[in-house]
1. Would you tally the residues in the range 79-118 being within 27 Å of the chain's Cα centre (by Cα) and assigned to a loop (DSSP other than H, G, I, E, B)?
2. When you check Gln93 against the structure, is it modelled with pLDDT of 95 or more and exposed (fewer than 10 other Cβ atoms within 10 Å of the Cβ), yes or no?
3. Assigned to a loop (DSSP other than H, G, I, E, B) and not β-branched (Val, Ile, Thr): does that describe Ser9?
4. Among the residues of the range 71-94, is any of a type in the set (S, T, N, Q) and free of Cβ contacts under 8 Å to residues at least 12 places away in the same chain?
5. Do the conditions hold for Ala11, that is, is it over 25 Å from Glu78 (Cβ atoms) and outside the structural domain of Glu78 (by TED's automatic domain parsing)?
Amino acid sequence: MSAFDLFLSKAKDTAKKVTNKSGEIIEIAKLNLAVTNEEDKIEKVYTEIGKKLYGTYCAGQSVDQDIKNLCEEVDDEEARVRMLKRKIGDLKQTSFCKSCGAVVKKDALFCPKCGIRL
């Protein structure tokens, strides 16, 4: 076997190994993406579970004390968000419609979204 044939044979072997390795890398990337997608689905289900439990709490139904404590934390955070939004509204000279929650100018007589008199 000539030196060229030996070189060509080694080059072919190397190319085959690189092709196999790149195929493995691609397959691993696809599997990692699938894992991430499934984990995202799980997180969405967890969120839905939480929303349902919070809805149960808001409806006045009995919930576990740990769940009640978490729901009260949500209530506190929502109150903070409302306060911050009011501060933003004050700076922007806007407020919120008491009926639909839309942002309205402070001098508006009617809500542009629901039409209720302000």
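1. 3
2. Criteria not met by Gln93.
3. It is false that Ser9 is assigned to a loop (DSSP other than H, G, I, E, B) and not β-branched (Val, Ile, Thr).
4. Looking for residues that are of a type in the set (S, T, N, Q) and free of Cβ contacts under 8 Å to residues at least 12 places away in the same chain, one finds none in the range 71-94, hence no.
5. Against the criterion (over 25 Å from Glu78 (Cβ atoms) and outside the structural domain of Glu78 (by TED's automatic domain parsing)), Ala11 qualifies.
The values are calculated or read from the model by the stated rules, or taken from the named source; none is laboratory data. None of these values were measured; they are calculated from a predicted model. Note that we place each Cβ from the backbone using ideal geometry, even for glycine, and neighbour counts take in every protein chain shown.
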